[in-house]
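Asks: If you scroll down you'll find the structure; I have some questions about it.
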């Protein structure tokens, strides 16, 4: 199965050589699952010819905000809407999660409570799932077509499903502790409050359920309708 990775940003140059760029992180996360990958650096306006160039699309993270004025964002939203209409399955992670929501009628803003950095715990239908996160922006109002699969007290819309068309996650299953440490060193100074960085370091080594999210991504790409039928919708989300 061919998966197109839409690279919406790049990892810091200081980390890229050792830990990889965003597309290679997802290739590692999803290795051995019967996928072949093609990468498109959409942040640099490298777009596929059409939504059927792959059998599924994965939108990565980015240092940008989806509401900012960048040349790649309007055509990427158009691409998402076209893939959604054509029922080509979409997966979005962090920025990708937010971009899909915005493209389909949701709203994304900086969260007034600030940042989530490092290991965070999420309720996936009664299952506690710990994943690394790195974000200040959130989906504040989700599209009408979206239902909540996971959340916590800080991030209500932490994972969303859009019928059998899209599955998105705010956290980063592809981020290792080493990568979080690198972000702390190269992107956090003067931006993320020191107490949050201390908390992130304190939780390094906590077991993560990244493989479980990889299982979900695989299941969604290979059988979107079956994935939706089995999904545990989180009750009580506003």
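Asks: Hey, what did region 2-230 get for relative contact order, percent, Cα under 8 Å, at least 6 apart?
Replies: Dividing the mean separation by the residue count of region 2-230 yields 19 percent.
Asks: Ranked highest first by average number of other Cβ atoms within 10 Å, how do 48-57, 128-137, 169-178 line up?
Replies: Ranking the peptides 48-57, 128-137, 169-178 by packing returns 169-178, 128-137, 48-57.
Asks: Let me ask you something else. If packing is taken as the average count of other Cβ atoms within 10 Å, what order do 199-211, 80-92 fall into, highest mean first?
Replies: Put in order of decreasing packing, that is 80-92, 199-211.
Asks: Still on this structure, please answer the following. Rounded if a/c is under 1.5, else prolate if a/b is larger than b/c, else oblate: which is region 49-156, with a ≥ b ≥ c the root eigenvalues of its Cα gyration tensor?
Replies: Judged from the Cα gyration tensor, region 49-156 comes out prolate (a/c at least 1.5, a/b above b/c).
Asks: Looking at region 2-230, send over the antiparallel percent of its DSSP beta bridges, to the nearest 5.
Replies: The antiparallel fraction comes to roughly 60 percent.
Asks: Classify the chain as rounded, prolate or oblate, taking a ≥ b ≥ c as the square roots of the eigenvalues of its Cα gyration tensor: rounded when a/c is under 1.5, otherwise prolate if a/b is larger than b/c and oblate if not.
Replies: rounded
Asks: Could you work out how far the C-alpha centroid of region 84-114 sits from that of region 189-206, in angstrom?
Replies: Answer, in whole Å: 26.
Asks: Something else about it: Determine, for 155, 8, the number of other Cβ atoms within 10 Å of each Cβ, and report the residues in order from fewest to most.
Replies: By the 10 Å Cβ count, ascending: 155, 8.
Asks: Then there's this: Rounded, prolate or oblate: pick one for region 11-105, where a ≥ b ≥ c are the square roots of the eigenvalues of its C-alpha gyration tensor, a/c under 1.5 means rounded, and failing that, prolate if a/b is larger than b/c, else oblate.
Replies: oblate
Asks: Continuing with this model, one more query. Per-residue counts of other Cβ atoms within 10 Å, averaged by peptide: what ranking do you get for 31-38, 102-109, 120-127, highest first?
Replies: 102-109, 120-127, 31-38
Asks: Right, here's the next one. Give the order of 156, 185 when sorted by the count of other beta carbons within 10 angstrom, beginning with the fewest.
Replies: 185, 156
Bear in mind that the values in this text are calculations on the coordinates, not laboratory data. The structure presented is a predicted model; accordingly, all values stated were derived computationally and were not measured. Because the Cβ atoms are built from the backbone with ideal geometry, glycine has one as well, and the counts that use them run over all protein chains shown.
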